[in-house]
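The next block holds one structure in the form of structure tokens; read it before the comments.
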Amino acid sequence: MSGQILVTGATGTVGRQVTAQLLEAGVEVRALTRGPADLPPAVEQVRGDLSVADSLGAAVQGIEAVFLVWPFASAEGLEAVLPMLAEHARQVVYLSSAAVRDHERQAEQLIERSGLEWTILRPHAFAANTLRWAEQIRAEGVVRGPYGQAAMSLVDERDIAAVAVRALTRDGHAGAVHELTGPHSLTQAEQVRVIGEVVGRPVLWAETSVQHARQQMLARGWPAEVVDGILQAQAEMTLGPAPVTATVEEVTASAARTFRSWVAEHAPAFRALT
């Protein structure tokens with residue numbers, strides 16, 4: 001890989017790791033940002049906004065490949081962005097989702113027809129999503145929510161990034177759809193127990209009604225269709241263990257990191273207030 005790689009979402013959970021790992025591999029990284037961002041000095045920051053295709057001219061000049069995060073609730077606008085990427089870049093690695101909701105599938109289809117050499121990543125639930133419980137755990141040692149038996153194969157963001165970096169810098173991933181999971185299926189109640197074991201303090205799951213959870217999410221301003229989609233997905237996850245793939249190890253030659261190891265590295269976020 002001789003040209004620069006453009007990273008979108010470079011300050012996000014996965015994009016920040018992609019940026020760091022590309023730099024470690026000696027690759028030149030350009031980050032698309034809407035303003036000054038807290039990124040390593042070696043990263044070239046170029047202003048632009050994915051929602052305004054005409055703003056991307058400077059960002060795409062001279063790039064070889066793109067790590068693409070589409071941060072919007074619909075695929076609208078992507079059709080205008082892809083020709084600009086294809087005019088300059090050879091390759092795109094797209095961060096999708098294992099859920100493959102309607103807008104994600106539309107985005108995937110547009111990318112597949114873009115003329116770019118493409119790779120699609122479909123990660124399952126991020127281990128980092130459990131940070132949403134941190135405040136409850138620090139304050140009370142209890143997590144309240146519905147569907148404690150919803151099972152997930154939580155994946156570490158570093159493993160998602162490692163697969164992305166392999167796809168961006170090595171041959172053999174063109175046309176691949178990589179489904180990414182952690183090594184174990186854990187229910188939400190089991191995730192909470194693991195957090196407690198790591199931080200050295202009992203942490204309990206307290207089951208609440210679906211109706212109560214829905215009201216809370218709506219009160220936070222979440223759209224009703226998003227709330228209902230999340231709750232429906234969690235209900236389906238109670239039907240059995242979550243699928244576990246070997247893709248991370250097959251692509252990176254390193255075993256997928258466990259949720260326990262992820263918690264150990266983020267333990268201060270969950271430790272009790274003193």
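The values are calculated or read from the model by the stated rules, or taken from the named source; none is laboratory data. Not measured: the values here are computed from a predicted model. Using ideal geometry, Cβ is built from the backbone for each residue, glycine included, and neighbour counts are taken over all protein chains shown. What goes into the accessible areas is simple: the full protein's heavy atoms, side chains included, and nothing from ligands, DNA or RNA. Shrake-Rupley method; radii C 1.70, N 1.55, O 1.52, S 1.80 Å.
A few notes on this one:
- Residues of segment 202-219 that turn out to be loosely packed, with under 13 Cβ neighbours inside 10 Å and either under 23 Å from residue 103 (Cα atoms) or among the hydroxyl-bearing types (Ser, Thr, Tyr) (or both), as a count: 1
- Checking the stated criteria, residue 75 turns out to be surrounded by 13 or more Cβ atoms within 10 Å (Cβ to Cβ), outside any strand (DSSP E or B) and either modelled with pLDDT under 95 or on the phi > 0 side of the Ramachandran plot (or both).
- Any hit, segment 139-152, residues being crowded, with 21+ Cβ neighbours inside 10 Å, at pLDDT 95 or above and of a type in the set (D, E, K, R): no
- Flag if residue 200 is more than 30 Å from residue 114 (Cα to Cα) and in contact (Cβ under 8 Å) with a residue 24 or more places away in the chain: no
Here is a yes/no grid of residues against (1) among the acidic types (Asp, Glu); (2) under 26 Å from residue 252 (Cβ atoms):
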{"residue": "133", "(1), (2)": "no, no"}
{"residue": "151", "(1), (2)": "no, yes"}
{"residue": "156", "(1), (2)": "yes, yes"}
{"residue": "175", "(1), (2)": "no, yes"}
{"residue": "183", "(1), (2)": "no, yes"}
{"residue": "190", "(1), (2)": "yes, yes"}
{"residue": "205", "(1), (2)": "no, no"}
{"residue": "209", "(1), (2)": "no, no"}
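- Failed criterion for residue 167 (all others in (1) within 21 Å of residue 249 (Cβ to Cβ); (2) in contact with a Ser or Thr (Cβ under 6 Å, 6 or more places away or on another chain); (3) open to solvent by 10 Å² or more (accessible area, probe 1.4 Å); (4) not β-branched (Val, Ile, Thr) hold): (3)
- Against the test of being within 30 Å of residue 109 (Cα to Cα), part of a strand (DSSP E or B) and either open to solvent by less than 70 Å² (accessible area, probe 1.4 Å) or acidic (Asp, Glu) (or both), the options 173, 178 yield a single qualifying residue, 178.
- Contact annotation: residue pairs with Cβ atoms under 6 Å, 6 or more positions apart or on different chains, pairing a residue in segment 7-31 that is of a type in the set (S, T, N, Q) with a partner that is assigned to a strand (DSSP E or B), are 8/32; 8/68; 19/7; 19/29.
- For segment 5-45, the tally of residues that are open to solvent by 50 Å² or more (accessible area, probe 1.4 Å) and part of a strand (DSSP E or B) stands at 2.
- Out of 233, 256, 264, sole residue that is buried (at least 17 other Cβ atoms within 10 Å of the Cβ) and either hydroxyl-bearing (Ser, Thr, Tyr) or within 22 Å of residue 157 (Cβ to Cβ) (or both): 256
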